[in-house]
Amino acid sequence: MATNYREQERRIFESGEHVINFEISYIKNEKQYWNIVTKVPLRDSEGQITGLIGVNRDITERKAIEDNLLAERTLLRTLIEAIPDAIYLKDTEGRFLLANRTCWLSEGFSSMEALIGKTDFDFIEPERAKMHREEERQIIETGEPLINAVMRYINREEAASFVMITKVPLYDTNGERVGIIGINRDINENIRNEIQMSYQSTLVKNISDAVISTDLSFSILGWNPGAEKLYGWKAEEVIGKKVNDLIPIKQSLQSVQAMREMLETTGSWSGEVIHPRKDGSEVDIFSSVSLVYDNEGIPVGSVGINHDITEQKVAEKQRLELAVERERVGILRRFIGDMSHDLRNPLATIKVSLYLLHRLVDNPDRRTYHLGTLELQINRLENMVNDLLSMANLDSEASEFIFIEVDLSQTVYEVVTHQESLAARREQKLTFEAEKDLPPVRCDEGMLIRALTNLVANALNYTPVGGEVSVHVLRQEENIHIRIRDTGIGIDPADLPHIFERFYRADKARSTDTGGTGLGLSITQRIIEAHDGEITVESEPGQGSTFTIILPSIQPG
C-alpha cells in the first residue's frame with residue numbers, strides 16, 4: 001500500500017494533476033478497510049509544486065452497505081428472472097424501464113434492451129394498448145393497485161389466451177409515484193383445467209353408473225347422483241367416510257387384499273363384487289377402479305365406476321339354469337335310451353332262458369347252463385338298480401357318512417383280495433403294495449370300499465386278458481395316495497374330461513358287456529369328495545390308465 005501511495009504522489013508532483021475521491025483498500029489485522037482519498041498539489045507564490053495536500057476518509061462501513069445492496073440486487077434480479085411470470089417496470093408515459101426474460105420473450109423480443117423504451121402501442125393492437133394505458137394512468141394517479149385481473153385476448157396463433165394481471169404503483173425515494181410495476185401470469189392451463197373439470201363434473205353428474213372418488217386412504221371425496229340412486233345414500237351422508245366401511249366387498253379378506261395389491265401394482269382393478277345398499281339389500285356390481293395421479297405421476301387418490309349388473313346376473317343365471325336343464329334332459333334321454341337297451345338285453349335273455357328251461361326238462365346240463373345265464377342277467381339288473389339307488393342316496397341331503405379311524409392299507413388290501421378271483425378268470429396279474437407305517441385316515445369304510453371296488457373292477461374289466469393291474473398305497477406329505485394303474489385300453493382324450501359325469505360311458509359296447517350304467521365313476525367321485533379327498537386320472541389310448549385317490553391323513557397331536 002505504501003508503494004502505491006508513493007507512486008501516486010510522484011505522478012502528482014510530475015504532472016500537477018489532482019487525485020479526487022480515489023478509493024483504495026488495505027488489510028489490517030486480517031480485516032479489509034476502505035478509504036476514499038483526495039490529493040492536490042501544494043504550490044508556492046510562483047506556482048511551483050512544493051508539496052501536496054491529502055484528505056483520507058474511512059468508507060469501510062459505506063462499502064459494506066454498498067456490497068450488501070449489490071448482493072441483494074443481484075439476488076433480487078436472479079429471483080425475478082427465475083419467476084415464470086412476466087415482470088416489468090414502466091414510467092409515467094408507459095415506457096418499459098425494466099423487464100425479466102419471461103416478459104420480453106412473451107412479447108416477441110430478442111433481449112431486454114430491445115424492449116426498454118418502447119410502449120404497448122409499439123407491438124400490440126391499439127385497442128388493447130389503449131386499455132392498458134388508461135388502466136396504468138389510473139393507478140399512478142390514485143395509487144390504487146390492480147390485483148389479479150383476468151384478461152382474455154387473441155394471441156399470435158389466433159387462439160384465445162388468458163392472462164392474470166397485477167399492477168401496483170412504482171415509488172421513488174421521495175414517495176412520489178413515478179410509474180408502475182406489473183406482473184402478468186399465464187393462466188391458460190388453469191382455465192383449460194377449470195373447463196375440463198367443469199366438463200368432467202357435468203359428465204360425472206349425468207352418468208347413470210355410480211362414480212366414487214377417494215383419496216389414497218379410500219375416504220370418499222366424490223359421490224355422484226348415480227351412486228345416490230344405486231346405493232341409497234345422499235352425497236352429504238357419505239363424504240369423508242371410508243368406502244370399505246360403507247360398502248364392504250362381500251369377499252374374503254384375501255380377495256380384498258389381492259385387489260388392493262393389484263391396484264397399487266398396475267394402477268387399476270376391475271371385477272364383479274356384491275355391495276350392500278342403505279336399506280340392507282345387496283346388489284351385484286361390476287366395479288372398475290383406477291388410481292388418479294398428479295402432474296408428477298404421484299398417485300393422489302382413486303376413482304371407481306360401479307355398474308349394476310343385477311339384471312345381467314339374473315339373465316345369466318336363467319341361461320345357466322336353462323342350459324343345465326337342457327343338459328339334464330339330454331342326459332336323461334341318453335340314459336333312458338341306454339337303460340332301455342341295457343334292460344332289454346338281460347330281459348330278452350331271461351325270457352329265452354325261461355322258455356328253454358320249460359322245454360329242456362330232461363336235459364340237466366342244459367338246464368344248469370341256462371340257470372347260470374338267468375343268475376348272471378339278474379345280477380346285472382341288480383347292479384343297475386343298486387347304482388341308481390346309490391346315486392340317488394348320495395344326492396339326497398339325508399345321505400349320512402359314518403367316519404371312523406381306519407388303517408387304509410388293510411382296507412385297500414381287502415378290496416384287492418376280493419377282486420383276485422376276477423383277475424384269475426381273466427388271467428390277469430393283480431398286485432398290491434403299501435408303504436410301511438402309514439398314518440390312519442378317517443373314513444366311512446363301507447363307502448370307501450365301494451369306491452375302491454369300482455376302480456379296481458373297472459381296471460380289470462378294461463384290461464385285456466394277460467394284462468396287469470397294480471394297486472399302490474403311499475404317503476405324499478400329509479396325504480395318503482392310492483394309485484390304481486392298469487395296462488388296459490386307455491381312455492380317448494375326447495372322453496377324458498367327461499368320465500366322471502353321471503351316465504357317461506366312453507366305451508358303450510364294453511359297458512354293456514359288463515352291465516355298467518355310467519354311474520360308477522360318478523359314485524366314486526362323490527364318495528371321495530365326501531371324505532375331503534380328490535380323485536384324478538391320467539390315461540393314453542393303448543397305454544393304460546392310472547386313477548389316484550388322495551385322502552387327508554390323521555396327523556399326530
Distance in nm between pseudo-label sites at Val465 and Asp172 (7 Å out along the Cβ direction from Cα): 13.2 nm
Label-to-label distance, nm, for residues given as Phe401 and Phe22 (7 Å Cα→Cβ offset): 11.6 nm
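Past 22 Å, Cα to Cα, is the threshold; run Lys130/Lys167; Lys90/Lys167; Lys234/Lys317; Lys118/Lys167; Lys31/Lys63; Lys242/Lys278 against it and keep the listed order. Each step should come with its number before you reach the end.
Numbers: Lys130/Lys167 16 Å; Lys90/Lys167 10 Å; Lys234/Lys317 32 Å; Lys118/Lys167 18 Å; Lys31/Lys63 13 Å; Lys242/Lys278 15 Å.
Pairs exceeding the cut-off: Lys234/Lys317.
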For Lys63, net neighbour charge (Lys/Arg +1, Asp/Glu -1) across residues whose Cβ lies under 12 Å away: -3
For the range 267-272, Karplus couplings with θ = phi - 60° (6.51, -1.76, 1.60), whole Hz, Gly/Pro x: x, 7, 8, 8, x, 8
Residue-level accessible surface for Thr463, protein heavy atoms, 1.4 Å, Å²: 0 Å²
For the range 524-531, 3J(HN,Hα) per residue [Karplus equation, 6.51 cos²θ - 1.76 cosθ + 1.60, θ = phi - 60°, Hz, x = Gly/Pro]: 4, 4, 4, 5, 5, 5, 5, 9
Extended-chain gain in nm, criterion 0.36 nm per residue less alpha-carbon gap, Ala258 and Glu325: 20.6 nm
Amide N proximity, the range 270-302 versus Gln312 label position 7 Å along Cα-to-Cβ, cut-off under 17 Å: 270-275, 283-290
Nonlocal amide H pairs with Ala434, under 5 Å, H built at 1.01 Å: Val473
For the range 282-287, 3J(HN,Hα) per residue [Karplus equation, 6.51 cos²θ - 1.76 cosθ + 1.60, θ = phi - 60°, Hz, x = Gly/Pro]: 10, 9, 7, 10, 9, 10
Probe 1.4 Å, all protein chains present, accessible-area order of Arg526, Arg152, largest first: Arg152, Arg526
In the range 397-491, GluC sites (Glu not before Pro) in a DSSP loop with at most 14 other beta-carbon atoms within 10 Å: Glu397, Glu400, Glu427, Glu435, Glu477, Glu478
Largest-first ordering by accessible area, 1.4 Å probe, given options Asp532, Asp209: Asp532, Asp209
Distance (nanometres) between label positions extended 7 Å along Cα→Cβ at Lys229 and Lys278: 1.5 nm
For the range 13-47 versus the range 431-489, the gap between their alpha-carbon centres in whole angstrom: 121 Å
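The values are calculated or read from the model by the stated rules, or taken from the named source; none is laboratory data. Given the structure is predicted, the values throughout are model-derived calculations rather than measurements. Neighbour counts are summed over all protein chains in view; Cβ atoms, including those assigned to glycine, are modelled from backbone coordinates with ideal geometry. Accessible surface areas use protein heavy atoms only, side chains included; no ligands, DNA or RNA. Shrake-Rupley method; radii C 1.70, N 1.55, O 1.52, S 1.80 Å.
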